[in-house]
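The values are calculated or read from the model by the stated rules, or taken from the named source; none is laboratory data. Quantities reported herein were computed from a predicted structural model and do not represent experimental measurements. We place every Cβ from the backbone using ideal geometry, glycine too, and count neighbours over all the protein chains shown. Note: areas computed on protein heavy atoms with side chains; ligands, DNA, RNA excluded. Shrake-Rupley method; radii C 1.70, N 1.55, O 1.52, S 1.80 Å.
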Amino acid sequence: DAYKVALAPHHHWMLRQAAEIVFLALPDREYFLQLVCVQKQEEATPVLRIIVHALSLVHTRTQRILEKYNMLELP
């Protein structure tokens, strides 16, 4: 529902359809909590902050490498 309200109005029809399929394929909340090794949603916040920080570092490093080799503007 959040996607439909916030982002879908800004996406083309094809992307909206693809997003809907992805959302249907996502696991339920309980499975997600198991993936991040917690029992309750409240316990997930600190774990997710660590994950987001790590992903941010990976993204930054990847962007630097792509920029170094002029690969950011590939078709």
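Annotations for the structure displayed:
- Residue in the range 29-48 that is on the phi > 0 side of the Ramachandran plot and not aliphatic (A, V, I, L, M) present: yes
- Residues (within 25 Å of TYR3 (Cβ to Cβ) and exposed (fewer than 10 other Cβ atoms within 10 Å of the Cβ)) located in the range 59-70: none
- Considering residues of the range 3-38 that are more than 17 Å from the chain's Cα centre (by Cα) and within 21 Å of ALA54 (Cβ to Cβ) only, the residue least open to solvent (accessible area, probe 1.4 Å): VAL38
- Screening the range 39-75 for residues that are over 19 Å from the mean Cα position of the chain (by Cα) and among the basic types (Lys, Arg) and picking the one that is modelled with the lowest pLDDT gives LYS40.
- Screening GLU73 against (1) acidic (Asp, Glu); (2) open to solvent by 90 Å² or more (accessible area, probe 1.4 Å); (3) in a helix (DSSP H, G or I) leaves a single unmet condition, (3).
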